[in-house]
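Report on the structure given below.
Values quoted throughout were computed directly from the atomic coordinates according to the rules given, and no laboratory measurement underlies them. Since the model is a prediction, treat every value here as computed from it, not as a measurement. Virtual Cβ from ideal backbone geometry, glycine too; neighbours counted across all protein chains shown.
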Ligand code: SF4
Ligand code: SF4
Ligand code: SF4
């Protein structure tokens, strides 16, 4: 690939080198994963190319739709874990275990923006992570507006969709609605109705697009079945570039307009503006929130 | 282990003339004092030997049991102290006070020094020294300039701290100065200072940091087993939401 592009500093979408719209070419991945299946495809590709020797992902837990972090070391395991879960999965709890019990030397981590923040903090200040942070090889982020405790999710499934978690085959957030699908039915819950059910910690979260990841992706800004991929660090860029080159990802034209990148930018900006107010309120109350008051920030969109 | 360090000092003496890395042109005088700890911190420190040999060329280890043959405590630029201080051990109390007087920067290295660590469980009555029963974090008795928690602190953090100190990167070191405000620690800090403040996001970093599996994750929140807790503070310090070093992160990612 040609020369490296320069880092674009962007306080709404985070630092990045390029944004593209892509999907996995592997039909198996597309069938199972969310949207364009980018995370799954990239992880499998990174594993095959020996860029990682395993990865922490949100795998199936004991209860339906209640994920637990697992270390996946095969394509099969990665495929099995694909698809968004919409409830918290403490992926970072596995970082030490992944290097010890699984002996990973080149660890991949998939996470929400807040989890990626945690990983970067670990790398910067690894007091309690002996020989762990030097083994992190790839950090992939997924976009996130908010997250629901498992009980909230159960409430949606039982009370609004009138079914049980076991019967749900897919969940999806798009066009301002949470879709809950069973094999023979579909319920759409307007996101507005889910307010009050999200975990409270999300109210202070100023990161929508995993700004500190190597590469991040999500459905917003792309047409159905595709994902918007944000190439950030050199690690992320070279991984995406070679995956495209090797035909693992296919790229389509990026819509920069109203339903494309403009939408992504709008959602990111709105999230930040709203959360910054929550931070101010919490600080006024005297709570121990680690973020800065809006009037002390040079740029209120910044994640600090 | 100690031999390695001793060799390090010897080789440093041989090359004295060539080491002019510090801006002042003078070598930093460093002391290492071992109070009531398990030597884990020193072992973690020495794991960096290969990578830090050059760097340690730029310092003089002037005081330290088993490290240098010196019984009279000299003036020191930096003194690293491992372990908590035992009130019934007069010698320890005296050494700590003397170290404070004779050092410019006193660093509590490891959780026993920072928060008391597992030594806070002591009630005395044990063999050999039954009267030794009260152990405290160093800042209960003297002013501590920096606290580096960890049980033990990882070799990676020790390396980063040493590099920051040699390069006078005070921004990197600032959090460790702040940590001296905590005189004790417990897994229940997460309940009080994270969950009850409404800021937990269920990421699991706390559970990864816990050296004893006292902290695990349950239903998207940390779940604490007090019986396993060694009061090291790592769960809190390593928590994604306890403090947020965005400037350091950006710097390390080359984003500034
Ligand atoms: S909204 Fe932020 S804090 Fe909440 S789960 Fe998503 S990334 Fe984490
Ligand atoms: S819960 Fe674990 S990490 Fe937290 S203070 Fe106790 S031992 Fe340390
Ligand atoms: S590290 Fe902090 S924010 Fe993350 S789960 Fe633990 S207590 Fe919650």
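When shorter helices are ignored and each DSSP H run of at least 4 residues is given -39500 (n - 2.57), the per-residue value for chain B at 222 nm works out to -9000 deg cm²/dmol. Across the range A:93-242, Cα-Cα pairs more than 19 Å apart make up 62 percent of the total.
Helix-only estimate, please: 222 nm mean residue ellipticity of chain A, summing -39500 (n - 2.57) across DSSP H runs of length 4 or more and dividing by its residues, to the nearest 500. Taken over chain A, the calculation gives -8500 deg cm²/dmol. What is the log10 of I(q)/I(0) for chain B, computed with the Debye formula using one identical point scatterer on each Cα and no solvent, at q = 0.09, 0.13 Å⁻¹? Here the Debye-derived log intensity ratios amount to -0.42, -0.87.
The calculated Kirkwood hydrodynamic radius for the range A:164-297 is 17.7 Å, given to one decimal from all distinct C-alpha pairs. For chain B, DSSP calls about 30 percent of its internal beta bridges antiparallel. Across all Cα pairs in the protein assembly as shown, the calculated P(r) in 10 Å bins from zero up to the longest distance comes to 3, 17, 26, 24, 16, 9, 4, 1, 0 percent per bin.
Summed over all non-identical Cα pairs, the Kirkwood treatment of the range B:165-207 gives a radius of 12.7 Å. Just checking the listed ones, A:50, A:270, A:91: in the Gaussian network model of chain A with Cα springs under 10 Å, the one fluctuating most is A:50. Over the range A:34-98, the pair-distance histogram of Cα-Cα distances with 5 Å bins from zero comes to 4, 19, 27, 27, 17, 5, 1 percent, rounded to whole numbers.
Ordered by the number of other Cβ atoms lying within 10 Å of each residue's own Cβ, fewest first, B:43, B:76 fall into the sequence B:43, B:76. Largest first, the extents of the alpha carbon coordinates of the range B:150-256 on the three principal axes equal 41, 26, 23 Å. If I fit a long axis through the Cα atoms of helix B:2-14 and take the longest principal axis of the Cα atoms of chain B, what angle between them do I get, 0 to 90°, rounded to 10? Its long axis makes an angle of about 40 degrees.
Compute the Kirkwood hydrodynamic radius of the range B:21-77, taking the inverse of the mean of 1/r over all pairs of distinct Cα atoms, and give it in Å to one decimal. Evaluated on the range B:21-77, it is 12.6 Å. Residues B:244, A:226, arranged from fewest to most other Cβ atoms within 10 angstrom of their Cβ, appear as B:244, A:226. Enclosing the Cα atoms of the range A:74-140 in their convex hull gives a volume equal to 94 cubic angstrom per residue. Could you list log10 I(q)/I(0) for the range A:148-197 at q = 0.26 Å⁻¹, which the Debye formula gives when each Cα is one point scatterer? After summing over all Cα pairs, the log10 values are -1.02.
One equal scatterer on each Cα of the range A:17-160, no solvent, Debye formula: the resulting log10 I(q)/I(0) at q = 0.14, 0.16 Å⁻¹ is -0.67, -0.88.
Pairs of Cα atoms nearer than 8 Å and 6+ residues apart set the relative contact order; for chain A it is 22 percent.
Give, to the nearest whole percent, the P(r) tail of the range B:56-100 beyond 17 angstrom, counting all Cα pairs. Percent of Cα pairs beyond 17 Å in the range B:56-100: 36. In whole angstrom, chain A maps to an equivalent ellipsoid with semi-axes of 26, 25, 22, each derived as √(5λ) from the alpha carbon gyration tensor and ordered largest first.
Seen against the Cα atoms of chain B and their longest principal axis, helix B:155-166 is set at about 50 degrees.
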